[in-house]
Structures are given as structure tokens and as C-alpha cells.
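Here's the structure, in C-alpha cells; my notes come after.
Read-outs throughout are calculated quantities, based only on the coordinates presented, and are distinct from any laboratory measurement. Because the structure is predicted, anything quoted here is derived from the model rather than measured. Reconstructed Cβ throughout: ideal geometry from the backbone, glycine too, with neighbour counts over all protein chains shown.
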Amino acid sequence: GNSVTQMEGPVTLSEEAFLTINCTYTATGYPSLFWYVQYPGEGLQLLLKATKADDKGSNKGFEATYRKETTSFHLEKGSVQVSDSAVYFCALTPNAGKSTFGDGTTLTVKP
Amino acid sequence: DAGITQSPRHKVTETGTPVTLRCHQTENHRYMYWYRQDPGHGLRLIHYSYGVKDTDKGEVSDGYSVSRSKTEDFLLTLESATSSQTSVYFCAISGDRDGTEAFFGQGTRLTVV
């Protein structure tokens, strides 16, 4: 079956540091890939997505590139802010199929 | 914002009582999901539905049942609540077009005492 593996957290960074959260996946075919963010007390919301190989999703300074050769979709941000503190989930959806989520990575950014 | 609402948002119940959580969508999406979220466990899929009256089990389905009698509603029932079912429950929906994302409800915090 499909699966998503995220780097284990929690991750603690200082403001303006560079962020990478690793995500690799196992799936047949060509799934769409997503990063979701969850702020305290809220549900998950879409951060960015990519629907085919070599696509780059971006939003709010975050980026991730769909790498089919390494089955990866790593999340990056050049300079994190305190307001980026949240839980980040990597996910995949196969063509017209059921979504699969990673376990989430908690990010804390300190001033 | 996607039209997805969960009810109730908070509930305290006693061990052994039945509990039903409701998820309602206005997006006409095919897939609906129930997850639970606990510290250290991420999101765990309980059950999902891929159409009216079409449901399947997730990884933590024991003690839970679901029903979907119409497209917009997906009910999660705890037949006899236990303290181990104290959790935050999230409903999600997704469409069947390639590349569509999932939309999540705000969550239901359930406490079984």
C-alpha cells in the first residue's frame, strides 16, 4: 500500500534559520503530493502541493519539489519566523484515490 | 473556506455510553475520512468512505463504526466509549479529481471519563 515517512521531530530552530523537513513516499503510479500545516487548536490546512514530477509547490516562503527519482517531497524555508511554529504533515493522494498522511513534524521557532 | 463542519466541537461522556460525532460537508466531495489525533501518534485513520454506503476500515477501527447514508454526512459512532478513546477527532473530505487536496474540519475534542 501507499505510505509516507517524515523526519522525526520535534524540530527547534531560532528565528531566521533555514528549515528542512524531509518526506519520502511509497506509492504506485504518480500520486499528487502535499504539505499541510496545523496550528494549535485547529485542523490541518493545505500549505502547498505538487501534482507531477519536478513540479515545485510554494506558499508563504515554503517550497517543496516533487522528486520522483528519490520519491521525496522535502519542505524548505529559507528564514523561519516564530509564527511558523506548527505541526507539518506530508501527504500523498493517488489518482482519484484515498489520501495517506505522514505522522507530522512539530516545529518550534524561538525568537 | 471549504464547507465542512463537525459537531459537537467538545464532548465529555462517561465510560460505556454510546457517542456519535457528525461530519457535514457542502462540497459534494466523494471521499470522507475520520481520524483521531493523539500526542506522539500523529493522525491515525479510523474509517473512510468513498461513496454513499461505501465505507472501509482504517488502521484503528476497533470500537468505532461509521455510516454514510447521504453524500454530505459521515457519522462516527463509538458504540461503548472507553477512556482510551479520549482524543481529538478530525473529519476530512477530498474530491476525486487528480491533485485535489483534503479539507479538514476544526476537530472534536472528546473526553471519556
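Could you check the simple spin-label distance between B:SER67 and B:ASP96, using points 7 Å along Cα→Cβ, in nm with one decimal?
Modelled inter-label distance: 2.3 nm.
Of B:HIS24, B:SER80, B:LEU43, which is farthest towards the positive pole of region B:16-113's charge dipole, taken about the Cα centre with +1 and -1 on the beta-carbons of Lys, Arg and Asp, Glu respectively?
B:SER80
Pick from B:SER67, B:SER83, B:SER94: which residue has the top mean-square fluctuation in a GNM of chain B where Cα pairs under 10 Å get a spring?
So, out of B:SER67, B:SER83, B:SER94, the one fluctuating most is B:SER83.
With a Förster radius of 45 Å, plug the Cβ-Cβ distance of B:THR26 and A:THR70 into 1/(1 + (r/R0)^6) and report the FRET value to the nearest 0.05.
On the way: r = 39 Å, r/R0 = 0.87.
Here the calculated transfer efficiency is 0.70.
As an exercise, find the ratio Rg/Rh for chain A from alpha-carbon atoms, using the Kirkwood inverse-distance average for Rh.
Ratio of gyration radius to Kirkwood radius: 0.96.
Counting C-alpha atoms alone, how compact is region B:61-113: give Rg to one decimal and Dmax as a whole number, in angstrom.
13.4, 43
Test of understanding: what is the full-extension gain from B:ASP38 to B:GLU14, defined as 0.36 nm times their sequence separation minus their Cα-Cα distance?
My answer for the length gained is 6.7 nm.
Under 10 Å, Cα contacts only: if you run a Gaussian network model on chain A, which one of A:GLU63, A:GLU16, A:GLU76 comes out with the highest mean-square fluctuation?
Highest fluctuation among the options: A:GLU16.
Which is farthest toward the positive dipole end of the protein assembly as shown among A:GLN6, B:TRP34, A:THR70, measuring Cα position about the Cα centre, with Cβ charges +1 (Lys, Arg) and -1 (Asp, Glu)?
The Cα lying farthest towards the positive end belongs to B:TRP34.
Looking only at B:ARG36, B:ARG44, B:ARG97, which one moves most when chain B is put into a Gaussian network model with springs between Cα atoms under 10 Å?
B:ARG97
Would you work out if chain B is rounded, prolate or oblate? Take a ≥ b ≥ c from the square roots of the eigenvalues of the alpha-carbon gyration tensor; rounded if a/c is under 1.5, else prolate when a/b is larger than b/c, oblate otherwise.
prolate
Just to verify a number: FRET efficiency for A:ASP54 and A:ASN95, C-beta to C-beta distance, R0 = 22 Å, to 0.05?
Working: r = 18 Å, r/R0 = 0.80.
Efficiency for this residue pair is about 0.80.
Show me the three semi-axes of the equivalent ellipsoid for the protein assembly as shown, from the C-alpha gyration tensor (sqrt of 5 times each eigenvalue), largest first, rounded to whole Å.
Working: eigenvalues 175, 90, 42 Å².
After scaling each eigenvalue by five and taking roots: 30, 21, 14 Å.
Using only C-alpha positions, report the orientation-averaged shadow area of the convex hull of region B:1-60, nm², one decimal. Provide the component values of the computation, followed by the final result.
Working: hull surface 22.2 nm².
The directionally averaged projection comes out at 5.5 nm².
Enumerate lysine pairs in chain A that are 8 or more residues apart or on different chains, then count those whose Cα atoms are under 20 Å apart.
Total qualifying Lys-Lys pairs in chain A comes to 12.
Please compute the modelled spin-label separation between A:TYR39 and B:ASP54, points set 7 Å along Cα→Cβ, answer in nm with one decimal.
So the label points at B:ASP54 and A:TYR39 sit 3.6 nm apart.
Set the Förster radius R0 to 22 Å, insert the Cβ-Cβ distance between B:ARG109 and B:LEU75 as r into 1/(1 + (r/R0)^6), and round the FRET efficiency to 0.05.
Here the calculated transfer efficiency is 0.80.
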